[in-house]
Structures are given as C-alpha cells and as structure tokens.
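In what follows, a structure is listed as structure tokens, so that the remarks can point back to it.
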Amino acid sequence: MHIKQIWLTVSLLTYGAICFSQVTGKIVDESNIALEYATAAIFNQFDKTLITGVITDLEGNFTLTDIKNGTYYLEVSFIGYDITTIRDIVIEKNYDKKDVGIVQLSLGNLLNEVVVKAEHASVVNKIDRQVYTTKRFKNAQGGSGVDVIRNLPSVTIDGLGEISVRGSTGFIVLLNGKPIQGNASLLMASLPANAIERVEVITAPSAKYDPEGKAGILNIITKKGAANGAFGQLNIKGGLPSIENYGNDKTHQRHGIDATYYVKNDKWNFAFSGNYQRNDLGGRREGDVFTIINDVKTQFPSTGERSSNEVNYSGRATIDYSPDSTSVFSFGFFAGKRSNERLADIVYSDNHGISPANSNNRIYTFQYYNHNTRERKSDFAIGSLDYEHTFKNTSKLSTSFLYEYTLLGGPTVNQNLGFPDNSILYQDEFNTNTNPLNGVRFLLDYRFNALKLGVFETGYQYRNLDHKGDFVYERRPRFEDDFVLVPEFSSEVNLKRSIHSFYTQFTGQKGKWDYAAGARVEITNRTFELKDKANTVDETFKLDFTKLYPSTSLLYSINDNTNIKAAYSKRVERTTTFKMNPFPEREHSETLEQGDPELKPEFIDLLELGVTKKIEGGNSIFATAYYRNVKNLVNRVNTVFNDTILNRIYSNVGNAKAIGLEIGAQFKPLKNWGNFIGANIYNYSIDGTFDDRKVDSKATVYSINLNSTYTFWDNASLQFTFNYLSEKVTAQGEDSRFYSPNLTLQKSFLNNRLTATFQWQNIDMGLLDTNEQRITTVKPDEFFTTTNYIYEVDIVLLNLSFIFKNGKNKTKFIDSEFGKREF
C-alpha cells in the first residue's frame, strides 16, 4: 500500500474526530441497562433538517461527528421505547465536544419492535434476538437458570432434563456476551436464577459471535447497576418433605443458599458470590425390553426406582479497575464442585423370559434385580483477564484471555443380582473415567463508527482444547473376588482442537431499514488419539478444515406498530470427546454407549422471517417462521449388543431439516391480570443411512409455555405457569408428551427488602400424570424397548430473598468455557 493510500485511510477513519465538533452520550433503559443498537439523531433546531445519526455500541455509547456551528436538538430512540428529545445543543466553535450524559428511555407505545409488557417485566423482539427479562418468571425464584429458560417460547425441557431450542439440543451459551463452550443444562443449573437479569435468544446470530450451535445462542445477562456504593443480597431456599417418595431408598433433600456482595467506587469494583444447591429428585421407571438374536427372543419387563441426588457449590470473584474513563481492566476467578448421582434399582420380572422369536412358548424364565448407580463429578477452576480501551473517536479495542482446568469423571456401578435373593451375583461391573481438561481462549475485538454509514466491527479469536480421558472398565464374577480389567472396553483418549477465527461485521440504519451483515472464517485443526488397555489399538484420527460462516439481518419498520425482519446465519455443531470414544461405556443393565472417532461436525444453515405487531388495547403479538438445514447430522442410534442389551452409537446418519413457526402473544383481560403465551410448532425430517439401512423419519412437534400473573397489591402476586411438549417421532421410535403445571405466590415485606416466594411445582394431586414421559425405541424383528420415566410431583418450596445493603448489583462473573460441555 502506498503512503498516499495509508494517509487517506487514516484520514477517513479519524475525520469525524478531528475536523468538526462532536456530540456524545450514552443510552440506557429504565433499569440503567445499556441499549445496544439504539438510535441517536441530531437535527437543526430552526428548520428541523436531519444532520446525521448513528446507532449505539454494546455499552450504549454514541458519537455524532461532523457537526458544524449552530443550534441543534437530539432525538434518542430505540424500538419499543418512547422517543426522548434534548433541545438547545449549541455548537459555537470547531473541535467542540458536547456530552449529553446518560439518556434514559422508557417503554412506550411507539413501537418499531413489539414490547410485551407484564407487571414487572417485558419481552422485546430486536433485529437479531428476542429479549426476556426474568422478573416476570416468579416460579424461578430461588431456583437455577433452568427454571428461568423453561418459560421461553422457543425453549423446551423434556422428562430427562434435556434442553432444546426450537427442537434442537445443539445451541451455545454466552454469559454476558462471552462465549461459553459448556454443556447448556449444567451451565444453567450452576447459575442462581436470582442473579439473572435477562435472557437473549439469538436464533440467527451475526458473524461477530462464535458460529457453534445449530439452534443459535442463549445469552445470559447477569444483574448489574451503575451506582457507586455497596450491595448485598442473600437468598435461602428450603423444600418441604416429599409428598410422594415412590418408595425410594433415601429421603430427598432440596435446599440452597446463594449470596452476592460488592463494593464499587469510581475506579474499583470488588464483587464476590457464593452458591450452594442441593436438589434431589425422586421417581421410578416402568419399562419393557426385548431383543431377537438368531430367532431367539429375550424379553424382560421391569419396574423400580429412578432418582437423582444433585449437589452444586461454587465461589466467584471479580475485580474491575478503571484508571480513567477510557480504560477498564477486569480479573475474574471461578472455582467449585458439582456432582450428580443417579440411582436405578430395577427388578426385571419373569413374565416373558426367553422364547422362540415367533412363539409364546417360553424356553425358560428367570427374574433378577439390577442395582445401578451413575455419578458424574466435576472439579473446576477458571481464571480470566480482560482489558477494554475507548479511543477519543469512540472506537473501542477489547481483549480477553481465559484459562480453565477441569477434572471430569465419575464411576458407574452395575450389578445384576438374584431376586428376591440378592446374595446371588450374576454380573458385577465397575467402569470409571478420569478426564482432565485444559482450555484456553483469547479474544481481540475492534469496533468503530464508519463515518455516517454505521458501525464496523472486526476481531480475532483463538481457542485451544486439550482433553484427555482414561476410561477403565472392570468386572468380577464373585463378591469376594477382586475386579479385573476388561481391556476391550477400556481405553485412553486425547482430543486436541485448536481454532483460529477472524470476522468482520457491519451494522447500520437508514430510514425505516436496520441492517447487519458479516462473515467469519474459522481454521480448525482436530487430532483424536486413541489407545486401548490391551495395547492392540494405537490410532490417531485427524480432521483439519477451513470454513466460511456468513450472516445477514434486515428489519423494516412498516409503521409505528408493525415491523418485519429476515435473517440468515451459517453455523457449526462441533463434536465432544464422549461422542468420539468408540469403546463402549456401561450406562445401566440395558444399555452401552459408544462414539465414532471419525465423527464429522454438523454444518447448519438457518433462515428466519418474522413480524411483530402492537394491537389496540395494549395487547401484542409476534410470529417468526424459520428453516434449519443440517448436514452431517449426528444422531444416537441403537443396535443389538447382547441379550436385552442395546448399544447406543453416535454417528453421522445424513441430513435433517426443520421448518417451524414460533409465536408469542400478550393479553391483559383485567388491569391486575396479565398473560403471556408462547408456542412453537415445527416439522422435523431426517434423510440418511446407518448400518447400511435407510434412516427416514418425519415428525410434527409442538410446545406451549403459558405464564399468567394476577397482582393483588403492589407487593403481592399469584402466578400460574404451564409447560407442555407434545409427543414426537424419533429416528427409531417416539417420545410421549411431557408437561408440568406450577403455581407461585410471592409477597414482599420491609419496604421490598425481604421477598418471600412460595412455590408448588409439578402440580398433580394424583390426577394429572404430570412430570412423566415414555420413551420408546424399536427396530422391527431386532429389538424393542420402552421406558416410562415417572418423576416427583407436588414439590413445595419456600424461598426468602433479603437485601442487606443499599445499591445495585454490579456482579458480572465468568464461567466455564470448555468443561461443562463435556460434563
């Protein structure tokens, strides 16, 4: 590049900052939360002509440049909020800089995007996301992030606790806008609901976000404030004894405590948080399974306990230092332990036994008792260091470094015993694993106003994962014998993955149009090393590729009440170590699980078209149609391993398509009675092959989430929620419907410093079949298995929340980048 070209480039980028005067400020909402993509426009005060306009950055800041001498007025606006006007801005000399300070917008009736406003919260549809504030979800008080997101129209949680967004379990989680490559369910379970300010569902993410997650992104925003001072909050949860314990072996316990405290001044912000949660769940399972091998049918109906004990505790700390108004240094530390122990004590009856495949004449029968425990543990420590600098021309440079060490593991015990004589040992197996994980992430982002066109962003991200696994499978024939290694089921694995990412993103506004476009390039290097304990296998599997991920979004405001939007995003779903390990792992008496070392990542195209509209009387509605196409679909399929034992294998089976419609509506029949209902319906199809057989399944699935709140007084309310997931066809069977009604009563005392929340979860009273789901898998002439999972109902909880210091919560903690995904 010639010197003249370099000079011209630098001049263009700094022109607004050095040639004319500037008007700057910051736009926030009623809760002092920064509003990204808000609009600031300046007009000549005498003839009302538009001079220039810009949109705000991530922190709500804006800078209007190229302002000549004169008198002006400023209009500040954001979709769903009333316009605020600031008059008599006088520019008297060149190079002047006027700062209008913090401009606070209020929710109003002039809508370019729909605002669904309830008693204490709102739902806003933006150009690239839906934003849900959590205050309205009173049934989540004292719980975890899982209890928050189960209320969202696009989110469902099935009977096994698996979270889906628009029918897909493949989605990524951001914490305060930072990428978290952890297991979504475990991330949500580790975050107290009381610490979450809002959840952003980004279904067609832009190029500035990591492209992982075939259903998009959930961005979890923790509570924060702007005031100096001190803040403290204590939350205590306790549960009443189980109304129905299903004859389980142990008494279920549900209690927890979390506390947050911070001190902030103009330069320093110290924040500390601790959390302990014990959340057991009782239940039982009823099932039947048969396999056919060489025309011999083996079948055993079963029933027994299926319960879980879950313990999660952690401590977090952050230190922010601002030496001046342009720079911020942040240090974060997060450490803790988590454990989930699942108990399944099942009796397999002799009602069927072993017989010829086409006959009911039993060859012989017997019954046995299966004792199975599976524990998953994780000890982790994470540290991060961030730096952010804002230049005089309002461009911004941000860097972030994160290091994580996580020790994953946990044993599974599987014993097949005589029944009713448990002293008889048929089979005793013990398999465990130790999985130390080291993860590194580095981010570098730069953002600046590109003259009058909009905002330009560019950046680089480096991620490195080193995950080792030592899987040990042991067996003994008698109680008095020592366990002996089973080498064909035992292995050592090592997954190394490094990713270099580069992106550019442009966002702007002109007239009634909002637009964004960008592209991201990723260079991925994956190495998977595999050895067995018998020293007969020593292989290395490599996968290197470079991929482009484009994205674009458009929003058009038809009028003050209606707008339409369209978006496209290309995504990727990366594989985990567990899904790549080809050595079987014993889950329980009926199941082995194994992966594929050559598993390919899934590549996804997302397309959506939506409309939002404000209806007369304060009601509103939004609807979004979407299409998702998945290549290299990873699916869990079953094959017969042995008599009544199925082998679940993760494999690329072909392609999948989903076409759906998501809707939400706010209606308020009475002044004190507000309702929000969201629904999602989609058709899902798989077209592929596995084990030289065609995989061809289609299903139409729908879900409904209802939230109805009646306010008695300003400090007392009653809320009913209902979550419903329809039955669905899977690749080799079907899952039944699953639903859960809940009731919450909340009352505040002591000038709102003490809040009591009484919750009645999974309402059933022996009448509704709440919180249970039947899962069936079948392959004609080979196997059949069906299991009805019946989990605890009529759970009663009391949560007390007390604010013991004045101020606002400024907490913004780091979280796991790698480990939760593998946990």
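The values are calculated or read from the model by the stated rules, or taken from the named source; none is laboratory data. Treat the numbers as computed from the prediction; the structure is a model and nothing was measured. Glycine gets a Cβ as well: all are built from the backbone with ideal geometry, and neighbour counts include every protein chain shown.
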Of the conditions (1) surrounded by fewer than 18 Cβ atoms within 10 Å (Cβ to Cβ); (2) within 17 Å of Glu375 (Cα to Cα); (3) not hydroxyl-bearing (Ser, Thr, Tyr), Asn351 fails just one. Which one is it?
-> (2)
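Can you tell me which residue in the stretch 253-280 is modelled with the highest pLDDT, limited to those that are of a type in the set (A, V, I, L, M) and closer than 11 Å to Asn235 by Cβ?
Ile257
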Restricted to the stretch 541-562, and to residues that are closer than 19 Å to Asn652 by Cα and free of Cβ contacts under 8 Å to residues at least 40 places away in the same chain, which residue is farthest from the chain's Cα centre (by Cα)?
-> Lys542
Scan the stretch 363-402 residue by residue and report those that are modelled with pLDDT under 90, part of a strand (DSSP E or B) and among the hydroxyl-bearing types (Ser, Thr, Tyr).
-> Tyr364, Ser378, Ser384, Thr390
Are any of the residues in the stretch 718-727 out of contact with any Asp or Glu (no Cβ under 8 Å at 6 or more places or on another chain), modelled with pLDDT under 90, among the hydrophobic types (A, V, I, L, M, F, W, C) and surrounded by fewer than 19 Cβ atoms within 10 Å (Cβ to Cβ)?
-> no
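Residue-by-condition table, conditions (1) of a type in the set (A, V, I, L, M, F, W, C); (2) within 30 Å of Gly409 (Cβ to Cβ); (3) in contact with a helix residue (DSSP H, G or I) (Cβ under 8 Å, 6 or more places away or on another chain):
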site: Thr591; (1), (2), (3): no, yes, no
site: Gly595; (1), (2), (3): no, yes, yes
site: Lys600; (1), (2), (3): no, yes, no
site: Ala623; (1), (2), (3): yes, no, no
site: Gly654; (1), (2), (3): no, no, no
site: Phe667; (1), (2), (3): yes, no, no
site: Trp673; (1), (2), (3): yes, no, no
Of all residues in the stretch 301-325, which are surrounded by 20 or more Cβ atoms within 10 Å (Cβ to Cβ), of a type outside the set (Gly, Ala, Ser), within 30 Å of Val793 (Cα to Cα) and modelled with pLDDT under 90?
-> Asn312
Among the candidates Phe783, Phe749, which residue alone is aromatic (Phe, Trp, Tyr), over 24 Å from Gly304 (Cβ atoms) and modelled with pLDDT under 95?
-> Phe749
The listed residue being in contact with an Asp or Glu (Cβ under 6 Å, 6 or more places away or on another chain) and either buried (at least 19 other Cβ atoms within 10 Å of the Cβ) or part of a strand (DSSP E or B) (or both), out of Glu529, Glu593, Glu522, Glu608 = Glu593
Does Lys392 count as surrounded by fewer than 19 Cβ atoms within 10 Å (Cβ to Cβ), touching a residue at least 12 places away in the same chain (Cβ under 8 Å) and in contact with a helix residue (DSSP H, G or I) (Cβ under 8 Å, 6 or more places away or on another chain)?
-> yes
Kindly check whether there is at least one residue in the stretch 138-153 that is charged (D, E, K, R), buried (at least 20 other Cβ atoms within 10 Å of the Cβ) and at pLDDT below 70.
-> yes
Scan the stretch 770-803 for residues that are over 30 Å from Thr721 (Cα atoms) and either surrounded by fewer than 22 Cβ atoms within 10 Å (Cβ to Cβ) or basic (Lys, Arg) (or both) and report the count.
-> 8
Out of Lys579, Lys565, Lys600, sole residue that is in a loop (DSSP other than H, G, I, E, B), of a type in the set (Lys, Arg) and within 24 Å of the chain's Cα centre (by Cα) = Lys600
Consider Asp428 carefully, then state whether it is out of contact with any strand residue (DSSP E or B) (no Cβ under 7 Å at 6 or more places or on another chain), within 30 Å of Val484 (Cα to Cα) and either surrounded by 16 or more Cβ atoms within 10 Å (Cβ to Cβ) or free of Cβ contacts under 8 Å to residues at least 40 places away in the same chain (or both).
-> no
Quick one: how many residues across the stretch 369-386 are closer than 17 Å to Glu310 by Cβ and of a type in the set (Asp, Glu)?
-> 2
Specify the residue that is surrounded by the most Cβ atoms within 10 Å (Cβ to Cβ); the eligible residues are those in the stretch 244-284 that are more than 16 Å from Arg316 (Cβ to Cβ) and free of Cβ contacts under 8 Å to residues at least 24 places away in the same chain.
-> His255
Among strands (runs of 3 or more DSSP E) lying entirely in the stretch 714-791, which contain 1 or more residues that are hydroxyl-bearing (Ser, Thr, Tyr) and more than 25 Å from Asp345 (Cα to Cα)?
-> 716-725, 728-730, 738-749, 754-761
Those residues of the stretch 374-388 which are within 17 Å of Thr434 (Cα to Cα) and either among the β-branched types (Val, Ile, Thr) or surrounded by 21 or more Cβ atoms within 10 Å (Cβ to Cβ) (or both) amount to Ser378, Phe380
Tell me, which residue of the stretch 479-506 that is in contact with a Ser or Thr (Cβ under 8 Å, 6 or more places away or on another chain), hydroxyl-bearing (Ser, Thr, Tyr) and in contact (Cβ under 8 Å) with a residue 60 or more places away in the chain is farthest from Lys542 (Cα to Cα)?
-> Thr504
Do we find a residue being touching a strand residue (DSSP E or B) at 6+ places or on another chain (Cβ under 6 Å), modelled with pLDDT of 85 or more and either part of a strand (DSSP E or B) or of a type in the set (Ser, Thr, Tyr) (or both) anywhere in the stretch 48-55?
-> no
How many of the residues making up the stretch 653-667 are out of contact with any Pro (no Cβ under 8 Å at 6 or more places or on another chain) and either modelled with pLDDT of 90 or more or small (Gly, Ala, Ser) (or both)?
-> 9
Does the stretch 27-41 include one or more residues that are modelled with pLDDT of 80 or more, buried (at least 21 other Cβ atoms within 10 Å of the Cβ) and over 29 Å from the mean Cα position of the chain (by Cα)?
-> yes
